[in-house]
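The values are calculated or read from the model by the stated rules, or taken from the named source; none is laboratory data. Please read all numbers here as calculations on a predicted model, not as lab measurements. All Cβ positions, even for glycine, are placed from backbone atoms using ideal geometry, and neighbour counts span all protein chains on display. Side chains are part of the model used for accessible areas, which takes the heavy atoms of the whole protein and leaves out ligands, DNA and RNA. Shrake-Rupley method; radii C 1.70, N 1.55, O 1.52, S 1.80 Å.
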Amino acid sequence: MRIGIYGSSFDPVTNVHLWTASTVAHRCKLDKVIFLPCSSKRKDKQLHTTDEHRWNMVNMAIQDNELYEANNYEMEQEAWDVYTEKTLAHFSALYPDDEIYFIMGADLLEDIGAGKWYNSEEVVRDNRFIVMARNDIDMLKVISHSPLLRNHDDGHTFHLIDKGLAMEISSSYIRDEFAMEGEPRYLLPESCYRYIKEHGIYK
């Protein structure tokens, strides 16, 4: 199988997340997309609701799509032990006979190319990536300007998706709408909308 690992805060999960996963799966011929909510213990993340609520909403959002699966691996890790390198090693061991792809935005490609990730060279050397265009970032230029990325660009490491994907409706926009008593109902799955209203999340 070809499996995509889709990590995000999902705070909350939105219709754009679902559409992005579907589009990536279609274009890259993925057999499964694993939604991987990040750990709330990470110091570089400021989350706005509990792990329990985020986990419940992700499961609600994907329950009708057999292509999607949720995994709480990173949620269960200690903050000091959450690294993409370890996460991808975990899934590679879990699916030893399958192809694993890490789905990410072009902004993260820039970070890897600049060596900002833990063990950046090992991460790039040992894994495959599906990279989505973001913020007018020239992904080919990012790769060509980074010795790390260009020396591992064998035609299989990076699958670049540069057209037809946009992240204009963000989780932060939806949180703001709830906080200001707006109406973001059709920007996220109906089940998640009702869940947020029922539990008074993001007020």
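Here are the criteria: (1) within 27 Å of A79 (Cα to Cα); (2) touching a Pro at 6+ places or on another chain (Cβ under 8 Å); (3) open to solvent by 10 Å² or more (accessible area, probe 1.4 Å); (4) not hydroxyl-bearing (S, T, Y). Tell me which single one V13 does not satisfy.
Against the list (1) within 27 Å of A79 (Cα to Cα); (2) touching a Pro at 6+ places or on another chain (Cβ under 8 Å); (3) open to solvent by 10 Å² or more (accessible area, probe 1.4 Å); (4) not hydroxyl-bearing (S, T, Y), V13 comes up short only on (3).
Yes or no: R175 assigned to a loop (DSSP other than H, G, I, E, B), closer than 19 Å to S9 by Cα and of a type in the set (K, R)?
Here the answer is no, as R175 does not meet what is asked.
Residue check: is H152 of a type outside the set (A, V, I, L, M, F, W, C), surrounded by 14 or more Cβ atoms within 10 Å (Cβ to Cβ), outside any helix (DSSP H, G or I) and over 16 Å from the mean Cα position of the chain (by Cα)?
yes
Considering only the range 124-140, I want to know if a residue exists there that is modelled with pLDDT of 95 or more, in contact with a Lys or Arg (Cβ under 9 Å, 6 or more places away or on another chain) and open to solvent by less than 80 Å² (accessible area, probe 1.4 Å).
Yes, because at least one residue in the range 124-140 is modelled with pLDDT of 95 or more, in contact with a Lys or Arg (Cβ under 9 Å, 6 or more places away or on another chain) and open to solvent by less than 80 Å² (accessible area, probe 1.4 Å).
Among the numbered criteria (1) under 18 Å from G7 (Cβ atoms); (2) aliphatic (A, V, I, L, M); (3) touching a residue at least 60 places away in the same chain (Cβ under 8 Å), which one does V131 miss?
Condition (3) is where V131 drops out.
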